[in-house]
Amino acid sequence: MSEVTMNVWRGDSNGGNFEQYKLERVEGEVVLDVVHRIQATLAPDLACRWNCKAGKCGSCSAEIDGKPSLMCMTRMDTLPNDTITITPMKTFPIIKDLVTDVSFNYVMARQIPPFTPGDPEPDGTYRMQQVDIDRAQEFHKCIECFLCQDVCHVIRDHEVNKLYYAGPRFFVRLASLEMHPLDTVDRRALMREYLGLGFCNITKCCTEVCPEHIKITDNAIIPLKERVVDASYDPIAWLGRKIRRKSKTTAEEAYELAPARVAPTSLDGIPATAVEN
Amino acid sequence: MTIAQEQGTIPQVVPVEIGRPRGGPKEKRTLRTDRWWISPAVTATVLTSFVAYATFAAFQGKDYYVGAKMHRDLISPFYSPCIAESCQRVAGSHPLGIWASFWNFSPALLILIVPLGFRLTCYYYRKAYYRSFWQSPPACGVADGHRSYTGETRFPLILHNVHRYFLYLALLFNVVLTMDAVLAFNFPGQGIGFSVGTLVLCVNAALLWIYSVSCHACRHICGGQINEFSKHKIRYRLWKMITPLNARHMQLAWVSLVFVALSDLYVRLVASGIIHDYKIF
Ligand code: SF4
Ligand code: SF4
Ligand code: FES
Ligand code: FES
């Protein structure tokens, strides 16, 4: 029976270091199983978050050999090395060991104006066709594991951008709302001015790590970027709006519909420590 | 009106916390153990080779046209539509050897602006060079090579938003390159025929069409911008057709890029007399 060395990050907001745990390999295990065995036998105080062990709750996100992954969906036999490194998600503040504080994402979620349908039909109901909502089906698969948020270099490597960046998970959410046949809010200016769509440089790491295989960049972000071009950068589209006397919603108008907005909206007033990080 | 509005609870101002300590080792650029650098290295090599070849070919200003003397009508895609006056002397019988009398340099330097702009602003190539040259990021989970980052929110990168206009121009160019491919069936003094050169220009035009049609901006304009597909049947059909091609946009970008360089090379070799354009029938 061969052995495996698990190199696990232990620590909290005061710092930490790697601890090594040597275990026997058991056939068919996923990384989360091994972490559980460490908890059961070698380190009962090792903190990790998990729930379903089926890749559906999005709790067990961590970084395995430097790659943001779900621990419960990463089979040990797919990892080529005999030493496996496990670290908490890098982008979010640490709580303890493999557990991070992902509340950044909940703040971002609240900045999005929710689904807002227009008036119902005379019989008091709404109607839409299957073809109109097929496209958004993919986006609804999101399990909110926040691996895409974690891997996105915009905030992973540049902490300060967290102030103006909703992140790929919320671009997926925004795409499902913007493409909805019944929704009436125009969030394009809001995405451009406050939610940081322009920060994404479409390098597709979010797509690479998404455990639900949502084509985040191709199907959500790029279509949104193209919609923002319609609204703000395309002179022909602008002329079309003038001729048809159509107006577009401003960022402020859209923001009024959101449950919350983040405090600072410009670089002014950011604590120096934050910029340094 | 949303539920939250009815309840009068908004807008609520919430802070985004930044600067709190993170987990994991700080100093490390990445913890990845696989060979993540291969992909950016290959991308950088192929792109650099292409740029080097294109620069060489563009500055030549000759050997881009095989004409009546060799019983052919083949023009390099780097020099088509040949809109500089100097083309008229070289490719006299070939249409579009016109205007731009002010241009005294190699015609390719003028013409290549369009395909260069199209590919430079292409969503796929952006990914490719942001990763391989700008290191932002070099690979997923590998630290960005720069201290600060504003993405595509400022000049000059904000200019990428003109991509759809380069698409329109590129589509026009495709029409011209298709005409070139049709003219390649003409063998002056020998009638209609088919040679390796004809095949090369036909495949080149076809690849450029597929690449351009699979463009993200094209997908958006054809149907992506619509929310109610059921009310726009034709645009929905177009969108449905483009979507699977769009999923292969990366592959199409590479194949068409390499082939356009090979097409130029072929015409160049024939025009300079190094090889003979074999006539199949
Ligand atoms: S494609 Fe955009 S959102 Fe996704 S990881 Fe890259 S920069 Fe972030
Ligand atoms: S989009 Fe994918 S990676 Fe991002 S939170 Fe949802 S499931 Fe996770
Ligand atoms: S435990 Fe639920 S996704 Fe891993
Ligand atoms: S996205 Fe690549 S050509 Fe338009």
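Please treat every number below as a calculation from the coordinates, not as lab data. None of the values given here were measured: they were computed from a predicted structure. Every residue, glycine as well, gets a Cβ built from its backbone with ideal geometry; the counts of neighbours run over all protein chains shown.
Relative intensity of region A:3-100 on a log10 scale, I(q)/I(0) at q = 0.18, 0.22, 0.23 Å⁻¹, equals -0.77, -1.20, -1.32, per a Debye sum over C-alpha point scatterers of equal strength in the absence of solvent.
Between A:ILE95 and B:LYS26, the simple spin-label model (points 7 angstrom out along Cα→Cβ) gives 2.4 nm. Count the net charge of all other residues whose Cβ sits under 13 Å from the Cβ of A:PRO113, scoring Lys and Arg as +1 and Asp and Glu as -1. So the surrounding residues net to -1. Give me the one-decimal nm value for the distance between modelled label points at A:ASP33 and B:ILE275, 7 Å along each residue's Cα-to-Cβ direction. The modelled label-to-label distance comes out at 5.6 nm.
Evaluate E = 1/(1 + (r/R0)^6) for B:PHE194 and B:ALA143, where r is the Cβ-Cβ distance and R0 equals 41 Å; express this FRET efficiency to the nearest 0.05. Walk me through the numbers on the way to the answer.
On the way: r = 54 Å, r/R0 = 1.32.
Efficiency at R0 = 41 Å is approximately 0.15.
Working from the alpha-carbon coordinates of the protein assembly as shown, get Rg over Rh, Rh being the Kirkwood radius. Could you put the intermediate results ahead of the total?
Values: Rg = 27.5 Å, Rh = 26.5 Å.
Computed over Cα atoms, the ratio is 1.04.
Report D for chain B in µm² per second (integer): Stokes-Einstein, Kirkwood Rh on Cα pairs, 10 °C, 1.306 mPa s.
Working: Rh = 22.1 Å.
Estimated via Stokes-Einstein, D reaches 72 µm²/s.
Normalising the average separation of contacting C-alpha pairs (under 8 angstrom, six or more residues apart) by the number of residues puts the relative contact order of chain B at 22 percent. Extending 7 Å from the Cα toward the beta-carbon at both B:TRP134 and B:ALA44 defines two label points whose distance is 1.6 nm. Cysteine residues of chain B whose C-beta has no other cysteine C-beta under 4.7 angstrom: B:CYS122, B:CYS202, B:CYS222. Ranked for footprinting exposure by Cβ neighbours inside 10 Å, fewest first, B:TRP209, B:TRP37, B:TRP239 give B:TRP37, B:TRP209, B:TRP239.
Over region B:178-280, the alpha carbon radius of gyration divided by the compact-protein estimate 2.2 N^0.38 Å works out to 1.42. The shape of chain A can be summarised by an equivalent ellipsoid whose semi-axes, obtained from the alpha carbon gyration tensor, come to 41, 22, 16 Å from longest to shortest. Counting Cβ atoms of other protein chains within 10 Å of each Cβ in B:147-157 and taking the mean gives 5.
Among B:LEU238, A:LEU197, B:LEU159, sorting on how many other beta-carbon atoms sit within 10 Å of each Cβ, with the fewest leading, yields B:LEU159, B:LEU238, A:LEU197.
When both region B:151-191 and region A:1-62 are represented by their alpha-carbon centers, they are found 54 Å apart.
My understanding is that a pair violates if its Cα-Cα distance is over 26 Å; which of A:LYS22/A:LYS67; A:LYS141/B:LYS26; A:LYS246/B:LYS240 do that in this structure? Working shown, then result.
Values: A:LYS22/A:LYS67 21 Å; A:LYS141/B:LYS26 33 Å; A:LYS246/B:LYS240 28 Å.
Checking Cα-Cα distances, A:LYS141/B:LYS26; A:LYS246/B:LYS240 exceed 26 Å.
Per residue of chain B, the DSSP helices (runs of n ≥ 4 H) give a summed -39500 (n - 2.57) that works out to -15500 deg cm²/dmol at 222 nm. Taking the three principal axes of the alpha carbon atoms in region A:116-233, the coordinate ranges are 52, 31, 20 Å, sorted in descending order.
Report relative contact order for region A:103-276 in percent, whole number only (criteria: Cα-Cα under 8 Å, sequence separation at least 6).
Details: 203 pairs, mean separation 56.3, N = 174.
Answer for region A:103-276 is 32 percent.
Taking each residue as 0.36 nm, the span from B:ARG237 to B:VAL203 lengthens on full extension beyond its C-alpha to C-alpha distance by 9.7 nm. Close amide H contacts of A:ARG261 (hydrogens built in the peptide plane, cut-off under 5 Å, sequence separation of 5 or more or a different chain): B:GLN12, B:VAL13, B:VAL14. Averaged over the residues of peptide A:151-157, the number of Cβ atoms from other protein chains lying within 10 Å of each residue's Cβ is 6. Given contacts defined as C-alpha pairs under 8 Å and at least six residues apart, what's the relative contact order of region A:3-100, whole-number percent? Relative contact order here is 35 percent. Round to the nearest 0.05 the FRET efficiency obtained for B:ARG154 and A:LYS248 when R0 = 25 Å and r is the Cβ-Cβ distance. That gives a FRET efficiency of 0.65.
Would you order A:LYS242, B:LYS240 from fewest to most other beta-carbon atoms within 10 Å of each residue's own beta-carbon?
Ascending Cβ contact count within 10 Å gives the list A:LYS242, B:LYS240.
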